[in-house]
Amino acid sequence: MFAFSRTITTSALGKYTHGGGALSEEERRFYEVNGYIIRKNNVSDALLDEIGKRFVDICNGKVDVGVEIRLVKDASLKEKGVKGVNSVHKVQDCLHDDVFFKYVSDPAVTDVVTSIIGPNITAIHCMLLNKPLDANPNSSMHPLHQDFHGFPFRPPERIVASRQWRSLYGTGNIGFGTATT
């Protein structure tokens, strides 16, 4: 087994992060070395609760999402009569919804992203993934994939993905990472 490490001095900071922002020097160092950081409880529970309620309302047909937002459902569950939250795997193109956009524009998110890529932020895609409990273990997986080649901009060290993980049964963490090839 081989282990490699490198020491980054303060003067070496800046290849992947910008100073003077929301990241501490320790977070910047960690990001520079590892390409990601995790911030626990970065987004308020109130906002996450509002987004969660919106998701449930969308799944239950209480909100008209129009043509810009798409619901992705498991077809095998439709045959079983599963409806609502347990039938929806993701809400695609959330940027077009005022409630979901609150997450994208939340300073708790944008301040960290600005600390990584600078102030020129463009949100190109937003989706909410749902992992229904025991809905259909054979088809409810969201495979890992690489998005880099689909991004119309470069360089890769200035592309950031913000992910919010939250269980319906507890709070989650927010992670920021650089897109990789």
Can you compute the FRET efficiency between residue 79 and residue 53 using 1/(1 + (r/R0)^6), with r the Cβ-Cβ distance and R0 = 22 Å? Round to the nearest 0.05. 0.15
Could you pull out every one of the aspartates and glutamates with an alpha carbon less than 19 Å from that of residue 83, ignoring same-chain neighbours closer than 8 positions? 57, 64, 74, 134
Reduced to Cα centres, the span from the stretch 104-132 to the stretch 33-84 in Å works out to 16 Å
Quick one: if the Förster radius is 25 Å, what FRET efficiency do residue 99 and residue 157 give, using the C-beta to C-beta distance and rounding to 0.05? 0.20
Residue by residue through the stretch 80-92, which ³J(HN,Hα) values in whole Hz follow from phi under the Karplus form 6.51 cos²θ - 1.76 cosθ + 1.60 (θ = phi - 60°), with glycine and proline marked x? 8, x, 6, 10, x, 4, 6, 9, 9, 8, 7, 10, 9
Estimated vicinal HN-Hα couplings, Hz - the stretch 58-66 in sequence order (Karplus 6.51, -1.76, 1.60; Gly, Pro = x): 5, 4, 8, x, 7, 10, 7, 8, x
Tell me the trypsin sites (Lys or Arg not before Pro) within the stretch 7-82 that lie in a loop according to DSSP and have at most 14 other beta-carbon atoms within 10 Å. 15, 62, 80
³J(HN,Hα) across the stretch 113-128 via Karplus (A = 6.51, B = -1.76, C = 1.60, θ = phi - 60°), whole Hz, x for Gly/Pro? 4, 4, 5, 9, 10, x, x, 8, 9, 10, 8, 10, 7, 8, 9, 10
Give me the percent relative contact order of the stretch 14-141, please, defined on Cα pairs under 8 angstrom at least 6 residues apart. 30 percent
Residue pairs, from the table 40/80; 15/53; 40/73; 15/102, whose Cα atoms sit over 32 Å apart: 40/80; 15/53
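Any read-out appearing in this document is the output of simple, stated calculations on the displayed coordinates, not a laboratory observation. What you are looking at is a predicted structure, and each value in this text was computed from that prediction instead of being measured. Here Cβ is always computed from backbone atoms with ideal geometry, including for glycine, and neighbour counts include all displayed protein chains.
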